[in-house]
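Written out below as structure tokens is the structure these notes cover.
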Amino acid sequence: FKLYPKPHEAQAAVLKEIMEGGKDTLFGKTYRFDAIRGVDEFRKNVPLHDYDALEPYIKRLLQGEDYMLWGSKCRFFAKSSGTSSSKSKYIPVTQENLHGCHLRGFKMMLASYLHSNHKSRLFLGKSLTIAGTIVKDSGTGIWAGDLSGVLTQNAPKAAGLFRIPRRDIALIADFDEKIAEINRVYRNSNVVSIAGVPAWNLLMIEKLLEFNNVPDLCHLWPNMELFMHGGTGFGPYRETFERLVPSDRMHYLENYNASEGYFAFQDDLSDPGMLLTLNNGVFYEFIPMDRLEEAVGDAALMRAGEQSAGKYVDFETVDTVKTGVDYAMVISTNAGLWRYLIGDCVRFVSLKPPKIVITGRTKLFINAFGEELMIGNADRAIQETSKIFGVRVRDYTAAPVFFNEENPEASTGAHQWLVEFMDKEPDPEAFARELDECLQRLNSDYEAKRTHTHTMSRLRLVIVPKGTFLKWMESAGKKGGQNKVPRLANDRKIIDSVLGMLG
């Protein structure tokens, strides 16, 4: 494979390949794939879809039917965490998608890392991944579970030489039991890398240190050199990881590996931009965030598969995107996701080669008063404010406080932040004031609403007890795996749920 293919040629080849894989399916016949020639006709004939629009096809796949979306049988589904909606999503993982996207992307990332780090000892030790669970339906033979569980179930035998824990431990459902077993079996192993969501790896490390009564991970695994992370922004966690793994050899590498596919990775550890994988079974399109509503149009029509659902259909491609613009990412893949609105917002920081950073979710933001607060700004503000106060944040969530809603300043709205700290806690008033000022420095729209139009008052901070978010995740059945606390919401469902649990 090529790490840096020519974008136009690579993406044209991918589209041709996946169209061939989908032409004889129910979906392909519905939208006349056999008559489509090239990108322009594809965009003209195939409408934008979200999960609800594809769900009728996916339900039939889950019942054991074949050839709904892709031209081969699909027996594995990645059950998403349902971060931005209450229901879980079942994302098909075909064999072509497994090997030609997920595993291929991982190999590309690994090759890039080893090329840049000639002194790496990665293959002299073990790589630890905290996999989620996966369950087989005895009636249909369908497997469904966390993506990491799907990958573990399908891992090549050769991977067992380097990857831990072994499958029976990796698929233990109870998170605490899994970590205890990992400690029992592998505490004396030569573990050189870990992978997964920062929050759960942090919890694992803390438990391992407690089990073994050591101050940091280097006392347990002295050759640790790499953390391959993704799922949430790493900024708020970096300082904590650097304290827990105090080694000059330690590297942190961000992956963009979702249930829907492996999309990007850092090819340069000094550059936060992630290299977009262009020859990985994924055809990309990008909707400028300020045109997303125009692209989606009538959601009911989109879910009915109507071409006229949105007025804006000629989305950007890797040939036409610009740097510095927030885009909603749309994918068509070798798993049978067609013009699928994945829900992530990205921004290009480089075009040659194409590199992106994740700036948020299309549904995880706060824009109740025109402030347009995205997760990138929120993470950075928390990180910078925590550094000023010398504190460490474990997790947080924020939501709007609407006019007249528990709001003494009846003419203004505000944001409410629930923050859990790892050890010492700052003065709430001082921290809230600095966090609010930091958000204004990072986000001109937020600043305008706070200082010019005065439609927003200063944010309200609630410091929650230690263990609050873990308890909330457990109550929601989302402990471990790829699950994470939704950090921003444009409504109060999540934040009120956490507050309700606290009484």
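The values are calculated or read from the model by the stated rules, or taken from the named source; none is laboratory data. In this text the structure is predicted, and so the values were computed from the model without any measurement. Because the Cβ atoms are built from the backbone with ideal geometry, glycine has one as well, and the counts that use them run over all protein chains shown.
Key figures
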item: Residues within region 54-81 that are surrounded by fewer than 16 Cβ atoms within 10 Å (Cβ to Cβ) and closer than 25 Å to Arg361 by Cβ, tallied; result: 2
item: So Leu220, is it more than 20 Å from Ser148 (Cα to Cα), out of contact with any helix residue (DSSP H, G or I) (no Cβ under 7 Å at 6 or more places or on another chain) and not acidic (Asp, Glu); result: no
item: Selection status of Gln440, of a type in the set (S, T, N, Q) and closer than 27 Å to Phe241 by Cα; result: no
item: Residue in region 279-287 that is at pLDDT 75 or above, under 22 Å from Glu372 (Cα atoms) and outside any loop (DSSP other than H, G, I, E, B) present; result: yes
item: Yes/no for Ile194 being surrounded by fewer than 21 Cβ atoms within 10 Å (Cβ to Cβ) and within 25 Å of the chain's Cα centre (by Cα); result: no
item: Residue check for Lys178: within 18 Å of Lys478 (Cα to Cα) and in a helix (DSSP H, G or I); result: yes
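Listed here are the residues, each with its yes/no results for (1) at pLDDT 95 or above; (2) among the aliphatic types (A, V, I, L, M); (3) surrounded by fewer than 15 Cβ atoms within 10 Å (Cβ to Cβ).
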site: Phe123; (1), (2), (3): no, no, yes
site: Leu128; (1), (2), (3): yes, yes, no
site: Ser138; (1), (2), (3): no, no, yes
site: Ala155; (1), (2), (3): no, yes, no
site: Ile182; (1), (2), (3): yes, yes, no
site: Trp200; (1), (2), (3): no, no, no
site: Leu203; (1), (2), (3): no, yes, no
